[in-house]
C-alpha cells in the first residue's frame, strides 16, 4: 500500500515520478492506468504534473552577465526538489518495509503450500483408486444381479421340474391300491387276501385284472408291511376304493384272529402322504368337515354346501 504524495490517500497501484520519486494514484498523476501501462520502458522517465510545471517554470540558466541571481534560483529549485524527495521518503520506506514483511510471510507460507499440494496429490490418488474400486464393485454387483436373475430362473425351472416329476410319479400310481392293517403271515397268499376283501366289500377284482401285487415296507414300521395292488383298469381301482370307504373292514373280516382296522386307499406318493397329513391337521384347526382323496388327489370342504378345494401343493393350504 502507498500514500498518494498529492492527496495522501492510500492506493495499491499508481505512477512513480522519475524526478521527485513521489508515488501518485492515477487521478493525481494525471494519467489513466491504461495509458501508464502503455508507456512501457518510458515509465522510468515519467514526471508528475508538479515536476513538469517546475521544469517549465525554471528553465536551465543561461549565461548571464549577472550570474549570482541565476545561481540562486537554481539552488532554490534544487532545494525544493530535495525537500519533496525527503517528504516522500518516510512513506516510501514504510511501504518497502510492509512489502518486505509480506514477502517474509509468503516465504513462511510456501512450505505449507507445498505440504498442502502433496496432501492434495495424495488425496487425488486415493480418490482415483477409490473410483476404480467403486467401478469394479459396480461391475461385480451387476454381474451378481445377472447371476441372481439366472438363479431365480433356474430355481423356477427346477421347481417346475420337481412338480412335474412328482406329478408323473403320482400318475404312475393311479391304478394302484394301498391296503394297510392286514396281518403278515408266512404262508399268506396275497391274491386270496384281495379276493376275501373283494367278497367283503362286494366289489371283487378279477385275478386277470391284477398287474402285480406285493408287500411294501412302511416308512415307520418295517414289520407291518402294506399291500400294494396294481390293476389294469383305473375304473376297477376307483370302484374298489369307493366300496372300501363305504364299508368298514377289519382283519377279522378276512379270517384273521385280530380286530385291527384295515384301510384301503389310493396309493399316494410320500410327498402327497405328507401333504395329506398337513391338510387333515389344518382342516381340523380351521373347522373343515371333510377331507378326502379321490383319483390320488386331495380335496377339502368346509361343509356339505361349501365349494370343494383341491390341494395339489403345500401353497394351496393358504386357501384354507
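General remarks:
- Out of 287, 255, sole residue that is on the phi > 0 side of the Ramachandran plot and either assigned by TED's automatic domain parsing to the domain that holds residue 314 or at pLDDT 95 or above (or both): 287
- Selection count where residues are farther than 12 Å from residue 197 by Cβ and outside any loop (DSSP other than H, G, I, E, B), scope the range 208-262: 23
- Residues (touching a strand residue (DSSP E or B) at 6+ places or on another chain (Cβ under 6 Å) and under 20 Å from residue 189 (Cβ atoms)) located in the range 252-273: 262, 264
- Qualifying residue in the range 188-206 (condition: surrounded by 11 or more Cβ atoms within 10 Å (Cβ to Cβ) and assigned to a strand (DSSP E or B)): no
- Selection from the range 18-55 of residues that are in contact with a helix residue (DSSP H, G or I) (Cβ under 9 Å, 6 or more places away or on another chain) and under 19 Å from residue 99 (Cβ atoms): 21, 22, 23, 24, 43
- Residue check for residue 11: in contact (Cβ under 8 Å) with a residue 40 or more places away in the chain and closer than 22 Å to residue 102 by Cβ: no
The values are calculated or read from the model by the stated rules, or taken from the named source; none is laboratory data. Values in this document were obtained by computation on a predicted structure and should not be read as measured data. With ideal geometry, Cβ positions are generated from the backbone for all residues, glycine too; neighbour counts draw on all protein chains shown.
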